Amino acid sequence: RYRKIIVSFRRRCVSHSRRFIGENTEVVGEQSLTPELRLRLFTPSCRFWTERPELWPYEDPYWAIYWPGGQALSRFLLDHPAVCRGQTVLDLGSGCGASAIAAILCGAAHVVANDIDPMAAVATHMNSELNGLQPPVCLTHNIIGSPPAAFHLILLGDMFYDQSLATSLHSWLNRCMETHGTKVLIGDPGRAQFEEHAIRRLLRPLAQFELPDSVREENYGLSCSGVWSYTPEL
């Protein structure tokens, strides 16, 4: 009986979250590096773009922004589908789920989207449906530091925004690579925390993309975003 009550409660929570996201985001397609993807995002026409922040009823909505590192990473996958075709893929810090969706479109065998905000999982489901896809598996617990799972490929977009997080990521990624031979791709527009971290010298550049004007305006003038391969043997 209690299990049924819990399941029913979770379903109501998801239903409420889906309704909230649907009412407070806008479907965006063209103004990004991946115009072929449709995503529910915050735009100037959304209520909470100008509403008082304290009225927002959830955690900070990082899932409602298509960050430039994630855009570059998703663009790279779509341009090079062989990178993840037939692979097991983890999109770490998945946010709106764009890179996970790109991996699915490229023929990945199994995709997991991980973000500690439960709203990101709901948004990822909705964005997958927008693109006519079955959603990836969505995990909402913090897996950084846990025993490394056997993924062929780990994707990280815009995850190097905090020094302590970057350091814990560095250690965990090393364990994943040493244990399973996992490949790691990182997308970042060159923020200071990324450029100044020790991991930066272990990265091999794969691609650089000019950001659209609208993305530059939303990201304090950042003009480019790149994709790197994590190569500790360097």
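Each reported figure results from applying straightforward, stated rules to the coordinates on display, with no laboratory input. In this text the structure is predicted, and so the values were computed from the model without any measurement. We place every Cβ from the backbone using ideal geometry, glycine too, and count neighbours over all the protein chains shown.
What the table below lists for this structure:
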quantity	calculated
Listed residues GLN87, SER45, PRO68: farthest to the positive end of the dipole of segment 12-88 (Cβ charges)	GLN87
GNM flexibility winner over the chain from ALA120, ALA100, ALA82 (Cα, springs under 10 Å)	ALA82
Integer Hz, Karplus 6.51/-1.76/1.60 couplings in order for segment 110-116, x for Gly and Pro	7, 10, 10, 10, 10, 8, 6
Selected from VAL227, ASN114, GLY181, residue furthest toward positive end of dipole (segment 64-230; charges at beta carbon)	GLY181
Inter-centroid distance (Cα atoms) of segment 184-234 relative to segment 92-155, Å	20 Å
Value in Å of the Kirkwood radius, where segment 91-139 supplies the Cα pairs that are averaged	10.1 Å
R0 of 35 Å, Cβ-Cβ distance ALA198-ASP79: FRET efficiency to nearest 0.05	0.75
Antiparallel bridge percentage (DSSP; both residues within segment 64-230; nearest 5)	40 percent
Listed values (i) 19.4; (ii) 18.2; (iii) 22.1, entry calculated as Kirkwood radius over Cα pairs in Å	(ii)
About the Cα centre, charge dipole magnitude for the chain (Lys/Arg +1, Asp/Glu -1 at Cβ), debye	1100 debye
Net charge dipole size for segment 110-234 [Lys, Arg +1 and Asp, Glu -1 on Cβ; Debye, nearest 20]	460 debye
